[in-house]
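The values are calculated or read from the model by the stated rules, or taken from the named source; none is laboratory data. Keep in mind that this is a model prediction, so the values were computed, not measured. Virtual Cβ from ideal backbone geometry, glycine too; neighbours counted across all protein chains shown. Only protein heavy atoms, including side chains, enter the accessible area calculation; ligands, DNA and RNA are left aside. Shrake-Rupley method; radii C 1.70, N 1.55, O 1.52, S 1.80 Å.
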Amino acid sequence: KNAVTSVIISHDMASTFRIGDRISMLYGGKIIESGTPEEFRMSRHKFVREFVETSGAVKMGAVPPEELIDDEMPSPQAGAEAGP
């Protein structure tokens, strides 16, 4: 079996979580979260959680509200005009 590395750019969270061994999320050209799908489900970043939950395809793990990190980024629901 050959080891293969692929970079797939997608907003499709269901596919990303299904096929990715590791996932990275970029915002403003910078990686703001990186990890396995299981690690991603436990993200403490509010922006990451909202973006993934907005897809409706991935159930995020429970994180106590006091442990959440407020990234001070626009809500993913704000649309493309809210970019960096």
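Restricting attention to the stretch 39-48, which residues are part of a helix (DSSP H, G or I) and modelled with pLDDT under 90? Break it down stepwise before answering.
Of all residues in the stretch 39-48, those part of a helix (DSSP H, G or I) come to 39-41, 46-48.
Once the filter is applied, which keeps residues that are part of a helix (DSSP H, G or I) and modelled with pLDDT under 90, the stretch 39-48 yields F40, R41, K46, F47, V48.
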Quick one: what pairs do we get from the stretch 35-47, first residue farther than 13 Å from S24 by Cα, second outside any helix (DSSP H, G or I) and open to solvent by 80 Å² or more (accessible area, probe 1.4 Å), C-beta under 8 Å, 6+ apart or different chains?
K46/D70
Mind checking which residues of the stretch 16-44 are open to solvent by 30 Å² or more (accessible area, probe 1.4 Å) and out of contact with any helix residue (DSSP H, G or I) (no Cβ under 9 Å at 6 or more places or on another chain)?
I19, S24, L26, G28, G29, K30, I31, T36, E38, E39, M42
Considering (1) exposed (fewer than 14 other Cβ atoms within 10 Å of the Cβ); (2) of a type in the set (A, V, I, L, M); (3) touching an Asp or Glu at 6+ places or on another chain (Cβ under 8 Å), say which one M60 fails and leave the rest.
(1)
Within the stretch 9-37, of all residues that are in a loop (DSSP other than H, G, I, E, B) and under 18 Å from A57 (Cα atoms), the one farthest from the chain's Cα centre (by Cα) is D21
Counted residues in the stretch 1-15 being surrounded by fewer than 10 Cβ atoms within 10 Å (Cβ to Cβ), of a type in the set (S, T, N, Q) and under 18 Å from F40 (Cβ atoms) come to 1
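Can you find a residue in the stretch 49-56 that is assigned to a helix (DSSP H, G or I), open to solvent by less than 40 Å² (accessible area, probe 1.4 Å) and of a type in the set (D, E, K, R)? Steps first, answer last, please.
Of all residues in the stretch 49-56, those assigned to a helix (DSSP H, G or I) come to 49-55.
Retained after the next criterion (residues that are open to solvent by less than 40 Å² (accessible area, probe 1.4 Å)): 49, 52.
Then drop every residue that is not of a type in the set (D, E, K, R), which leaves 49.
Yes, the stretch 49-56 contains at least one residue that is assigned to a helix (DSSP H, G or I), open to solvent by less than 40 Å² (accessible area, probe 1.4 Å) and of a type in the set (D, E, K, R).
Does A78 qualify as being open to solvent by 50 Å² or more (accessible area, probe 1.4 Å), at pLDDT below 85 and hydrophobic (A, V, I, L, M, F, W, C)? Talk me through it step by step, then tell me what you get.
On the way: open to solvent by 50 Å² or more (accessible area, probe 1.4 Å): no; at pLDDT below 85: yes; hydrophobic (A, V, I, L, M, F, W, C): yes.
Considered against the rule, which asks whether it is open to solvent by 50 Å² or more (accessible area, probe 1.4 Å), at pLDDT below 85 and hydrophobic (A, V, I, L, M, F, W, C), A78 comes out as no.
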